[in-house]
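The values are calculated or read from the model by the stated rules, or taken from the named source; none is laboratory data. Model, not experiment: these values are computed from the prediction. So basically every Cβ, Gly included, is an ideal-geometry build from the backbone, and we count neighbours across all protein chains shown. We work out accessible area using only protein heavy atoms, side chains counted, and drop any ligands, DNA or RNA first. Shrake-Rupley method; radii C 1.70, N 1.55, O 1.52, S 1.80 Å.
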Amino acid sequence: MKRRLSVLVAAGAFGLSVIAGGVAWTTPSLAHAAGDVTFPASRAGRSAEAFVAMVNGKDDASIRAFEKEFRADARRAEVPIEQRIPRVQGVRAEMAPLVVSRVVEGEEVVVYATTGGGQDVAVVMQMSSEQPDKVDGVVIMPAQEYRAPRRIDAAARGEIVEAVCGVLEKEYVYPDVAAQMAAQVRGKLKSGAYDSISNEARLTAALSNDLRAISKDKHLNVAVTGQPLPTLDAQADVEEDEGEPSPEMDAEMARENYAFREVKRLDGNIGYLKFDMFVGSEKAEQTAAAAMTFLSHCDALIVDLRENGGGDPRMIAFLTSYLFDSKVHLNDMVDRNGKVVKEYWTLDTVPGRRLRSDVPVFVLTSGYTFSGAEEFCYNLQNLGRALVIGEVTGGGAHPVKGVGARGHVAVRVPYMRACNPVSKTNWEGVGIQPDIKVARADALDRALEEARKVLRQKK
């Protein structure tokens, strides 16, 4: 799905923040993509040129080459290459081809480009403070929202670090881990480890790395936002993503069919459903109901989540309701004090038709599958309702909210955790372990093989 340009989707473990997306793509050469644009000869400029070439490529070799040549050691160690590759493939599917219009080098190198979906974006190369010749992260945002990073002095660095620590100590889902993270970055500030950092963007990148080194939490992120986010004092105590989207956002999601990509009947009366986000809205549910009703007469169902990065738990419960003929407890959300604050169950009634309860279900995964998409898999796997086929998923089980820390610096802070009623735990840090582990490219063929095997046994 083309990501809403005003909403940041941060893949912290990959070191990539995406605010835009695209659709099907062609693969131009780098020269065609860049036109007459010249990239700076600096290390950051070379990394930017290589990044554009990687996104506009098709093969895995270019991803491996970029990671080896340009990615900071700490980032490479954080997530195995087998999970990084699907994330880049997901970005390719959403954004390529990137057609570059200009490149600007100042405090950081910024590539202005147009995506395959026609969106004007700014691609910002964030170089590592510990390895200045290596890339710490890449941020992709609407071109009109980019602003040059603000320069900061020692006093500002201290204020930002203290504000971030304050958010973590009040909100992070594990108070003891929050204390460890705060102690880590306060200690680095005191020791002078951040003294050479002269702008907000590089400081937030360094803080994100240092905090995740302690927490291993792929949802946690510190970033500079286009507009200041509300601070904790200004926020109501409500969950994110529980309301209906704005009319403008809904119109954009409608053009993308609420992330539903394919609904079809394959040979052997096997249903196939592919969607790339769990969009939480009434109109998205209408689209989901139509898709599930179309599939309701199938003898087996394959749900493809290989390019699904998560979404709203309401849609997870809504779609799952079509796979059971009685009410089922799916998941709980537990706060930092261990209190269950939200239970998720299948619905008593659904629009359209449910699948028969004896219809076998197969869910396809990749290293890109993350967050809410993982919950969908985990729920069905623990309930014995589906066979998961593909790759180990990203491993993010904590709902997050954006909290303003200081000025334009914000923390994407996990403030609750999922707790499955069957396993009494979740998939944080370990991902969903497939029942049948195969490469993402082979997952559909293997699922069809398994489905046909099950259907033959039923005869």
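Before moving on, here are some points about what is shown:
- The fraction of Cα-Cα pairs per 10 angstrom bin, counted from 0 for the chain, comes to 4, 21, 31, 26, 14, 4, 0, 0 percent, rounded to whole percents.
- A simple packing score, the average count of other Cβ atoms within 10 Å per residue, orders the peptides 425-431, 151-157 as 425-431, 151-157, with the highest score first.
- Summed side-chain charge close to Asp435 - residues other than Asp435 whose Cβ falls under 14 Å, Lys, Arg +1, Asp, Glu -1: +1
- Its relative contact order, with pairs defined as Cα atoms under 8 Å and 6+ residues apart, puts segment 141-212 at 40 percent.
- Charged side chains reduced to their Cβ positions (Lys and Arg at +1, Asp and Glu at -1) give the chain a dipole of some 900 debye around its Cα centre.
- In the context of the full protein assembly, Val224 retains an accessible surface of approximately 50 Å², using a probe radius of 1.4 Å and ignoring ligands and nucleic acids.
- Taking a straight Cα-Cα cut-off under 29 Å and skipping sequence neighbours fewer than 8 places away in the same chain, the lysines within cross-link reach of Lys342 are Lys170, Lys216, Lys218, Lys274, Lys283, Lys327, Lys401, Lys424.
- Percentage relative contact order, segment 23-165, counting C-alpha pairs under 8 Å, at least six apart: 24
- Projecting the Cα atoms of Leu220, Thr38, Pro86 onto the dipole axis of the chain, where Lys and Arg carry +1 and Asp and Glu carry -1 at the beta carbon, places Pro86 farthest toward the positive end.
- Cross-link pairs Lys264/Lys453; Lys339/Lys437; Lys437/Lys458 - those with Cα-Cα distance over 26 Å: Lys339/Lys437
- Per-residue HN-Hα couplings for segment 43-52 [Karplus 6.51, -1.76, 1.60; θ = phi - 60°; Hz; x = Gly/Pro]: 4, 5, x, 5, 5, 5, 4, 5, 5, 4
- Once backbone amide H atoms are built at 1.01 Å from N, Ser101 has Tyr112, Ala113, Thr114 as its partners under 5 Å, excluding neighbours fewer than 5 places away on the same chain.
- Cβ crowding within 10 Å averaged over residues, with 271-284, 435-448 ranked highest first: 271-284, 435-448
- Between 0 and 90°, nearest 10: helix 60-70 axis offset from the chain longest Cα axis: 30
- Per principal axis, descending, Cα span of segment 279-332 in whole Å: 29, 25, 23
- Backbone phi angles across segment 88-98, fed through the Karplus curve with coefficients 6.51, -1.76 and 1.60 (θ = phi - 60°), yield HN-Hα couplings of 5, 4, x, 5, 4, 5, 7, 10, 5, x, 7 Hz in residue order; Gly and Pro are listed as x.
- Rounded to the nearest Hz, the phi-derived 3J(HN,Hα) couplings of segment 442-459 under the Karplus curve 6.51 cos²θ - 1.76 cosθ + 1.60 (θ = phi - 60°) are 9, 5, 5, 4, 5, 5, 4, 4, 5, 4, 5, 5, 5, 5, 5, 5, 6, 6, where x marks glycine and proline.
- Largest to smallest principal axis extent of the C-alpha atoms in segment 309-458, angstrom: 61, 36, 28
- Compactness relative to 2.2 N^0.38 Å, alpha carbon Rg of segment 37-79: 1.20
- Each part reduced to its alpha carbon centroid, segment 342-381 and segment 383-442 end up 14 Å apart.
- Principal-axis tilt of helix 200-215 within the chain, Cα atoms, nearest 10 degrees: 50
- Per residue convex hull volume, Cα atoms of segment 241-335, in Å³: 113
- For segment 112-189 versus segment 202-218, the gap between their alpha-carbon centres in whole angstrom: 8
- Summed over the residues of segment 82-131 and divided among them, the accessible surface reaches 31 Å² per residue at a probe radius of 1.4 Å.
- Overall form of segment 161-231 per C-alpha gyration tensor (a/c, 1.5; a/b vs b/c): oblate
- Taking amide hydrogens as placed 1.01 Å from N in the peptide plane, the amide H of Leu387 sits under 5 Å from those of Val361, Phe362, Val363, each at least 5 positions away in sequence or on another chain.
- Amide H contacts of Asn199 (H built 1.01 Å from N, in plane; Pro and chain starts excluded): Ile152 sit under 5 Å, all sequence-distant by 5 or more or on other chains.
- For the chain, averaging the sequence separation of C-alpha pairs within contact (under 8 Å, six or more residues apart) and dividing by the residue count gives a relative contact order of 14 percent.
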